[in-house]
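The values are calculated or read from the model by the stated rules, or taken from the named source; none is laboratory data. Bear in mind the structure is a predicted one, so any value in this text is a computation, not a measurement. Methodologically, a virtual Cβ is constructed for each residue, glycine included, from the backbone with ideal geometry; neighbour enumeration extends over all protein chains shown. Accessible surface is based on the protein model in full, side chains and every heavy atom, while ligands, DNA and RNA are left aside. Shrake-Rupley method; radii C 1.70, N 1.55, O 1.52, S 1.80 Å.
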Amino acid sequence: MALDAGLDINGLGNAMLFDQPRLLTLNLSGTGSFEKLASAFRKCLDTSAAARSSTTSGPARSQFPKTSTIDAGPIDAILSMKGTVTNGVYRASIGQISVLNNTPIGKEMGATI
């Protein structure tokens, strides 16, 4: 309806990640007189209100688990290294060799990318 009313759509995205219920934001722009833009925007709001009142709520989104059950094995295989899982967060140190005072140091000493 926004395009039919002469408005341009600049973007559509989530207002917040993982929000319940899902809320999207729509960015609109247009050129013309105040009355023309206000009328076009009012048509969009009326169409949106009519669509929301005529439909029932969709299927409920599944809730995120309270604790993560991430398995480090597949990630270790992809990275070809050993990482750790702490409180549901996978952590691996991808190191690089640096030279400090003519001495090579690696990830064990904190040189990471």
## Note on the structure
Ignoring ligands and nucleic acids, Asp19 exposes an accessible area, probe 1.4 Å, in Å² to the nearest 10, of 30 Å²
### Task
Could you order Ile78, Ile70 by accessible surface area, starting with the largest, using a probe radius of 1.4 Å?
Ile78, Ile70
### Query
From the Cα gyration tensor of the chain, with a ≥ b ≥ c the square roots of its eigenvalues, which class applies: rounded if a/c is under 1.5, or else prolate if a/b is larger than b/c, or else oblate?
oblate
### Task
If a/c stays under 1.5 just call it rounded; otherwise compare a/b with b/c (prolate if a/b is bigger, oblate if not). Do that for the range 1-42, with a ≥ b ≥ c from the square roots of the Cα gyration tensor eigenvalues.
prolate
### Query
Helix 34-54 sits at what angle to the longest principal axis of the chain, using alpha carbons and giving 0 to 90 degrees rounded to 10?
80 degrees
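Starting from the Cα-Cα distance between Lys36 and Ile94, subtract it from 0.36 nm times their residue separation and give me the gain in nm to one decimal. Kindly include the intermediate steps, with their values, before the conclusion.
Numbers: separation 58, 0.36 × 58 = 20.88 nm, distance 5.69 nm.
Taking 0.36 nm per residue and subtracting the Cα distance, the gain is 15.2 nm.
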### Query
Among the lysines, which fall within straight-line cross-link reach of Lys107, defined as a Cα-Cα distance under 16 Å, with same-chain neighbours fewer than 8 residues apart omitted?
Lys82
### Query
Once the dipole of the chain is set up with Lys and Arg at +1 and Asp and Glu at -1 on Cβ about the Cα centre, which of Asn101, Asn14, Met1 lies farthest towards its positive end?
Asn14
